[in-house]
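Written below as structure tokens is the structure these notes are about.
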Amino acid sequence: MHYWVWLAVAGGFLVIEILTMSLIFLSFSLAALVGAIAAAVWGDSPLQWIGFAIAAVLSLGVLRPVVRKYLFKKSSGGKTGMDALIHAEAKTISTVTPDGGSIRLHNEVWTARSLTGFIPEDSSVTVIRIDGAVAVVAPKISSHNA
């Protein structure tokens, strides 16, 4: 085959890869580029097909697993968003009552309500839950008191 046919095949595989994101067609696209280089260097020789086959096997066996490992990495399983705030420690910056108050949570000022009654300013609290944009808190229980 002529090298331009190999380039067209590589482009076709690349388009399919973009549509599927399977990393299989990317391997075939790279292999077709090897076939194009072989066709440009050695002309109409079986080396272009051998180069295509070797490049396809190597890229599928070596490149694909490495790329999949980093491209489709699973999350660490840690909590994110509002779930990460539950049981977090905060500091009251005003008196917190069941009707309202303010806390500093992860360097942000939050509106808060007390779950247990009156909590004085500059107290350590634990976030029990998040109700909309309001943190529901309780006094922090120190480990030496428990």
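Please treat every number below as a calculation from the coordinates, not as lab data. Remember, it's a predicted structure, so these values are computed and weren't measured experimentally. Note: ideal-geometry Cβ built from the backbone for every residue, glycine included; neighbour counts use all protein chains shown.
Figures for the structure shown
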{"read-out": "Candidates per trypsin sites (Lys or Arg not before Pro) in the stretch 1-95, loop by DSSP, up to 12 other Cβ within 10 Å", "value": "Lys73, Lys74, Lys79"}
{"read-out": "Low-density loop cleavage sites - chymotrypsin sites (Phe, Trp or Tyr not before Pro) in the stretch 1-89, where at most 15 other Cβ are within 10 Å (DSSP)", "value": "Phe72"}
{"read-out": "Share antiparallel - DSSP beta bridges, the stretch 42-146, percent rounded to 5", "value": "80 percent"}
{"read-out": "Acute angle (nearest 10 degrees) that the helix 24-42 long axis makes with the longest principal axis of the chain, alpha-carbon atoms", "value": "30 degrees"}
{"read-out": "On Cα atoms only, tilt of 47-58 relative to the major axis of the chain in degrees", "value": "20 degrees"}
{"read-out": "Those aspartates and glutamates that a straight Cα-Cα span of less than 14 Å connects to Lys91, excepting residues fewer than 8 apart in one chain", "value": "Glu108, Glu121, Asp122"}
{"read-out": "Added length on full extension, which subtracts the Cα-Cα distance from 0.36 nm per residue, Lys91 to Trp4", "value": "24.5 nm"}
{"read-out": "In order through the stretch 98-107: 3J(HN,Hα) via Karplus (6.51 cos²θ - 1.76 cosθ + 1.60), integer Hz, x for Gly, Pro", "value": "x, 8, x, x, 9, 9, 9, 10, 6, 6"}
{"read-out": "Alpha-carbon Rg with Dmax, taken over the chain, Å", "value": "30.2, 87"}
